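Bear in mind these aren't lab numbers, they're just calculated from the coordinates by the rules spelled out. It should be emphasised that the depicted structure is a prediction, and the values quoted were computed from it without experimental measurement. Cβ placement follows ideal geometry from the backbone for every residue including glycine, while neighbour counts extend to all protein chains displayed.
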Amino acid sequence: MRLAVIGAGLMGRAAAFDLAQNEEVEAIGIFDVDEQAAKEISSKYAYGKGKPGTFDADDEVAAAEALKGYDAAISCVPYRYNLNLTRAAIKANCHLVDLGGNNDIVGSQLQLNDEAEQAGVIIIPDCGLAPGMVAVLAADAMKRFDKVDSMKIRVGGLPQSPRPPLNYMMVFSAEGLINEYWEPCIILEGGQKKTVNPMTGVELLQFDGIGKLEAFYTSGGTSTLPDSYLGRIDFLDYKTIRYPGHCAMFRPMLEIGLGSRQKIEVDGVSVEPRSVFKAVLERSLSFDDLDLVLVRITVEGQIGGEDKTRTYEIIDRQESKTSLTAMMRMTAFPASIVARMAASGEITARGVKPQELVVDPRRFIGHLKERKINLQIRDE
C-alpha cells in the first residue's frame with residue numbers, strides 16, 4: 001500500500017518512521033511546504049520507502065494532485081489546514097486521518113460526510129493522542145458495559161525531570177498548547193452537553209513511580225465523544241495532567257490576554273499577543289530533556305447488573321535523547337495505525353466519521369501492543 005505523510009515536523013517524522021516498519025507499506029510520500037525538510041525526513045525516517053514532495057497545505061488543488069495515487073494520508077500539520085486537506089483528499093479519492101485539535105474545524109469536516117461517501121473514502125479527524133487514541137479506548141469500554149455512568153479521561157505529556165517555574169516543556173506545538181488552554185471545553189453532565197471553562201476544575205492524582213500530579217479542564221480532548229455518546233453516558237470529561245502548581249501559574253498569563261489574537265500597538269507596530277506568547281514559550285520551554293506521556297481513563301457503570309470499574313492506563317517514557325519522544329510515539333503512532341487500517345480495508349466505513357464509531361477497538365489495541373505501547377487494563 002502507498003501512504004502519505006503531510007508535514008515534516010516532529011509528528012510527521014514519527015508517522016513516517018512507524019509506517020516504514022510495516023512490510024505492507026511499499027511507499028511513503030513525505031510532503032511539506034519546505035522541500036528540504038521533506039527530503040530530510042524521507043531520508044532519515046522512511047527507511048528507503050520515502051518519496052519526498054512539496055505543496056502548500058493551503059493550496060487545495062496542489063494537495064489533491066499530490067495525494068492522487070496514495071491509499072491514505074496522515075495530516076501532521078496544524079489543525080487550521082485540515083478542512084482544506086479534507087476537500088483535497090476527497091478530490092484525490094484518498095483516505096485521510098489528521099491529528100486535529102480544534103472542535104470547530106472538526107465540525108466543518110463532518111459536514112463533508114456526503115461528499116466523502118460519494119467519493120468512496122473515509123476521513124477521520126482527531127486521530128492523535130487526545131483527541132485521538134483515547135476515543136478508541138472509550139469505544140472499547142462502551143462495548144463492554146451495559147450502562148456507563150461516568151467516563152473520566154486524564155492525559156498529559158510532561159518532562160521526566162520538571163524544571164521550575166512551570167515544570168513543563170514543549171512536547172508539541174505552542175499553538176496547540178495555547179488552544180487547549182484557551183478554548184471552551186465540552187463535557188457531558190446528566191447525559192447532556194455542557195460547556196466549562198479551560199484551566200478550571202483542578203484535581204489531584206497520582207501515578208506509580210511519578211508521584212503527585214494535578215489535572216484540569218482543557219479544550220479538544222473529548223473531541224466528538226460528547227456527540228457520539230449523548231444520552232448514553234451520564235458524565236464524561238477530559239482533563240490535562242501536569243505537575244502540581246502549573247495551572248495556578250499559567251492561567252493568569254492567559255487571563256491578562258497573552259493568548260489573544262486581537263492585535264495591539266507596540267512602539268508603532270501591530271502585534272498579535274498570541275504570536276509573541278508562542279515565540280516566548282518555544283524559546284523558553286524547548287528543553288532537550290526526556291519526556292513521558294500519561295493516560296488514564298476511568299469508566300464506571302454496570303455489567304450484568306453489577307457495578308463495575310474499568311481503568312485504561314499508559315505510562316510511556318522516552319528511552320533516550322536519540323529515540324522518538326514519548327509524545328511523538330503516542331500522537332503519531334495512533335494516527336498511523338488508523339491510516340493503515342483505512343488503507344488495508346480494516347475500516348470499511350465511508351464518509352467523514354468519528355473514530356469511536358468506525359475503528360475496531362480490539363484491532364486497534366492489538367496494533368498498540370505491536371508497537372510496545374504498554375496499555376494496562378484493570379477491572380474491579
Worksheet item: Restricting attention to the stretch 160-180, does a residue exist that is charged (D, E, K, R), in contact with a Ser or Thr (Cβ under 6 Å, 6 or more places away or on another chain), in contact (Cβ under 8 Å) with a residue 60 or more places away in the chain and in a helix (DSSP H, G or I)?
Response: yes
Discussion item. Consider the stretch 351-380. How many of its residues are assigned to a helix (DSSP H, G or I) and surrounded by 16 or more Cβ atoms within 10 Å (Cβ to Cβ)?
Written reply: 8
Worksheet entry | Selection within the stretch 293-320 - outside any strand (DSSP E or B) and in contact with a Leu (Cβ under 7 Å, 6 or more places away or on another chain) | Q318
Fill in: Filter pass, T348 being within 18 Å of D208 (Cα to Cα), surrounded by fewer than 18 Cβ atoms within 10 Å (Cβ to Cβ) and hydroxyl-bearing (S, T, Y)
no
Worksheet, complete the sentence: Scanning the stretch 87-105 for residues that are within 19 Å of C185 (Cβ to Cβ), buried (at least 24 other Cβ atoms within 10 Å of the Cβ) and hydrophobic (A, V, I, L, M, F, W, C) gives L99
Worksheet item: Any idea which of Q111, Q160 is surrounded by fewer than 24 Cβ atoms within 10 Å (Cβ to Cβ) and closer than 24 Å to C185 by Cα?
Response: Q111
